[in-house]
Structure formats: structure tokens, C-alpha cells
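Right, one structure below, let's go through it.
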Amino acid sequence: IAKVLKENGFIDIRGTPTTGDQGADLIAKKDGRTIIIQAKRYKGSVGNKAVQEVVSAVSFYGGTEGWVITNSVFTPSAKALAQKNSIKLIDGHSLARIKDFLM
């Protein structure tokens, strides 16, 4: 994910600590935006917990927006929570078109 972000003009891309990451895996900047990213590699559906984590991480890290990226799919509940909190969800089907989301 970091490589794709860098290829698309994001700067200051950094990972968070393995433990105590406050719900974020990556922090990336572009055009005055600070994006807090939670990455989930799952076989099953990604639920509310991932969205809740990134909502908290946006506040903790002073982000301007939050994204959850997965190779899988999101539950309807996670989609609803993300919409209410303006969190961008990128699922496995969209990963092939991830550059569309990075603009």
C-alpha cells in the first residue's frame, strides 16, 4: 500500500508502531491532507471494529481523513458506520483500481 501511495504523489508515508498503534497502520500526506490508514488482510468480512479503530486513530494522529483498506469485503454495518464517520472503505474488488481512490 505504501508503494502505491508513493507512486501516486503521497509524501511522508510512515508506518505506526506494531503495538500501540491506536488503530492505524499507515499515515500518508498529500495536498495538505493527512490520511490515516487501517489495513486489514482478512479471509472473512471486515466489520465495525476496523472502522471504529480508524475513527479513533484519525483523532489521535491529527488526521484529516481515515481509510480502511482490505483484500476482503466489508459488512453492511461497517459500511454504514464508515459513511456516518466519513471513512473511506477500499475493498478487495477496488484494490485493482486503487489509483482511482487516491486522487
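The values are calculated or read from the model by the stated rules, or taken from the named source; none is laboratory data. These figures come from a predicted structure and were not determined experimentally. Every residue, glycine among them, receives a Cβ derived from its backbone with ideal geometry; neighbour counts consider all protein chains shown. What goes into the accessible areas is simple: the full protein's heavy atoms, side chains included, and nothing from ligands, DNA or RNA. Shrake-Rupley method; radii C 1.70, N 1.55, O 1.52, S 1.80 Å.
Residue under question is Lys30, and the condition is that it be open to solvent by less than 40 Å² (accessible area, probe 1.4 Å) and more than 13 Å from Ile87 (Cα to Cα); does it hold?
Details: open to solvent by less than 40 Å² (accessible area, probe 1.4 Å): yes; more than 13 Å from Ile87 (Cα to Cα): yes.
Answer is yes for this residue.
How do the pairs read when you match residues in the stretch 30-42 that are over 21 Å from Asp91 (Cβ atoms) and assigned to a strand (DSSP E or B) with residues anywhere that are of a type outside the set (Asp, Glu) and open to solvent by 30 Å² or more (accessible area, probe 1.4 Å), using Cβ under 6 Å and keeping only pairs 6 or more apart or on different chains?
Between residues of the stretch 30-42 that are over 21 Å from Asp91 (Cβ atoms) and assigned to a strand (DSSP E or B) and residues that are of a type outside the set (Asp, Glu) and open to solvent by 30 Å² or more (accessible area, probe 1.4 Å), the close pairs are Lys30/Gly9; Arg33/Thr64; Thr34/Thr64.
Can you name the number of the only condition in (1) more than 13 Å from the chain's Cα centre (by Cα); (2) in a helix (DSSP H, G or I); (3) within 17 Å of Gly92 (Cα to Cα) that Leu5 fails?
Evaluating Leu5 over (1) more than 13 Å from the chain's Cα centre (by Cα); (2) in a helix (DSSP H, G or I); (3) within 17 Å of Gly92 (Cα to Cα) leaves (1) as the failure.
I need every pair where a residue in the stretch 85-99 that is within 11 Å of Val54 (Cβ to Cβ) has its Cβ under 8 Å from the Cβ of a residue that is modelled with pLDDT under 80, sequence separation at least 6 or different chains.
Correct list of pairs: Lys88/Phe101.
If you go through the stretch 21-71 one residue at a time, how many are among the β-branched types (Val, Ile, Thr) and within 19 Å of Ile11 (Cβ to Cβ)? Can you show your working first?
Our first condition is that a residue be among the β-branched types (Val, Ile, Thr); within the stretch 21-71, this holds for 27, 34-37, 46, 51, 54-55, 58, 64, 68-70.
Next, only the ones that are within 19 Å of Ile11 (Cβ to Cβ) stay: 27, 34-37, 58, 64, 69.
Number of matching residues: 8.
Please work out if Ile27 is farther than 13 Å from Asp91 by Cα, part of a strand (DSSP E or B), touching an Asp or Glu at 6+ places or on another chain (Cβ under 6 Å) and among the β-branched types (Val, Ile, Thr).
no
Only one of (1) modelled with pLDDT of 90 or more; (2) more than 24 Å from Thr18 (Cβ to Cβ) is not met by His93, so which one is it?
(1)
Would you point out the residue of the stretch 39-54, among those that are of a type outside the set (Lys, Arg) and farther than 14 Å from Ser77 by Cβ, that is surrounded by the fewest Cβ atoms within 10 Å (Cβ to Cβ)? Can you show your working first?
Step one: list which residues in the stretch 39-54 are of a type outside the set (Lys, Arg), which gives 39, 42, 44-48, 50-54.
Subsequent filtering for residues that are farther than 14 Å from Ser77 by Cβ retains 39, 42, 53-54.
Working: Ala39: 18, Tyr42: 14, Glu53: 20, Val54: 31.
Checked the stretch 39-54; the qualifying residue surrounded by the fewest Cβ atoms within 10 Å (Cβ to Cβ) is Tyr42.
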